[in-house]
Amino acid sequence: QPGSHIKPLHDRYSIKNVNVPLWDFDDTKALSDRLGLSSILNSYFDNLNRIIGQLHERSEGNPLYATFLARELIARIGRGIAFDVYEFLTESPEIRGDISCYYAHLTKTTQSEMAPIVAEIIGLVDFAVTEQDLKEIHPSLAHHIPQTIEILRPILIDVTGQGGIRIYHESFRKKKKN
């Protein structure tokens, strides 16, 4: 995944870049179908292809960013948050090929001051942590942890075997370690 988080590796090692083709609309639509976003959106909107088109355009054909945006839409709808889907996609940051722009947006523009702290903790450990673990790390801010996890949900994955959550993609962990 391209981005500034990879620069230290280029500086230290002889690394060969492999360019992966950008996704087209059909790829983004298939992702939306697989994640269940299409069926959720069909319940509320008449023009699913218009929304998927806007998701594709905002993601710039980047599969990881498309995944994060789709997961964020699913999470917002699941929490019953009233919002304009078109506005959300329009106001999501342009990444210009650098996924770290999204990570910065997610941790800096949330309503929770805990988001950068929790993101850093989860990004620095190589194992899953539970909500309770995070509350024990920051007991004075424990009441903010559930909301913060929901804000960060697009970049997290549930680890059923170990229990808890961890970062979905290594590019975020690499950004936090640099």
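The values are calculated or read from the model by the stated rules, or taken from the named source; none is laboratory data. Computed from a prediction, not measured in an experiment: that's the story for all the values here. Heads up, the Cβs are rebuilt from the backbone with ideal geometry, glycines too, and the neighbour counts pull from every protein chain shown. Only protein heavy atoms, including side chains, enter the accessible area calculation; ligands, DNA and RNA are left aside. Shrake-Rupley method; radii C 1.70, N 1.55, O 1.52, S 1.80 Å.
Here Asn49 clears all of (1) assigned to a helix (DSSP H, G or I); (2) open to solvent by 50 Å² or more (accessible area, probe 1.4 Å); (3) out of contact with any Lys or Arg (no Cβ under 9 Å at 6 or more places or on another chain) except the condition numbered (3). Evaluating Leu73 against the criteria (1) assigned to a helix (DSSP H, G or I); (2) open to solvent by 40 Å² or more (accessible area, probe 1.4 Å) leaves one unmet condition, (2). Of all the residues in the range 122-138, those that are farther than 16 Å from Gln162 by Cβ and open to solvent by 10 Å² or more (accessible area, probe 1.4 Å) number 5. Open to solvent by 80 Å² or more (accessible area, probe 1.4 Å), at pLDDT below 95 and either assigned to a loop (DSSP other than H, G, I, E, B) or over 19 Å from Glu150 (Cβ atoms) (or both), is that true of Asp98? So Asp98 does not fit the description; no. Annotation note: Cβ proximity below 8 Å between a residue of the range 60-88 that is of a type in the set (Lys, Arg) and a residue that is assigned to a helix (DSSP H, G or I) (sequence gap 6+ or interchain) occurs for Arg71/Leu35; Arg71/Arg153; Arg71/Pro154; Arg76/Phe88; Arg79/Glu150.
Here the range 106-115 is the region considered, the condition is being farther than 17 Å from Lys135 by Cβ and open to solvent by less than 60 Å² (accessible area, probe 1.4 Å), and the residue that is modelled with the lowest pLDDT is Thr110.
Residue count for the range 1-37 under the criterion of being at pLDDT 90 or above and among the polar types (S, T, N, Q): the result is 2. Among the helices (runs of 4 or more DSSP H) confined to the range 104-163, the ones with at least 1 residues that are out of contact with any helix residue (DSSP H, G or I) (no Cβ under 6 Å at 6 or more places or on another chain) and touching a residue at least 60 places away in the same chain (Cβ under 8 Å) are located at 145-152. Against the test of being open to solvent by less than 50 Å² (accessible area, probe 1.4 Å), part of a helix (DSSP H, G or I), touching a residue at least 24 places away in the same chain (Cβ under 8 Å) and hydroxyl-bearing (Ser, Thr, Tyr), the options Ser38, Ser32 yield a single qualifying residue, Ser32.
Exactly one residue among Lys16, Lys7 is in a helix (DSSP H, G or I) and out of contact with any helix residue (DSSP H, G or I) (no Cβ under 9 Å at 6 or more places or on another chain), and that residue is Lys7.
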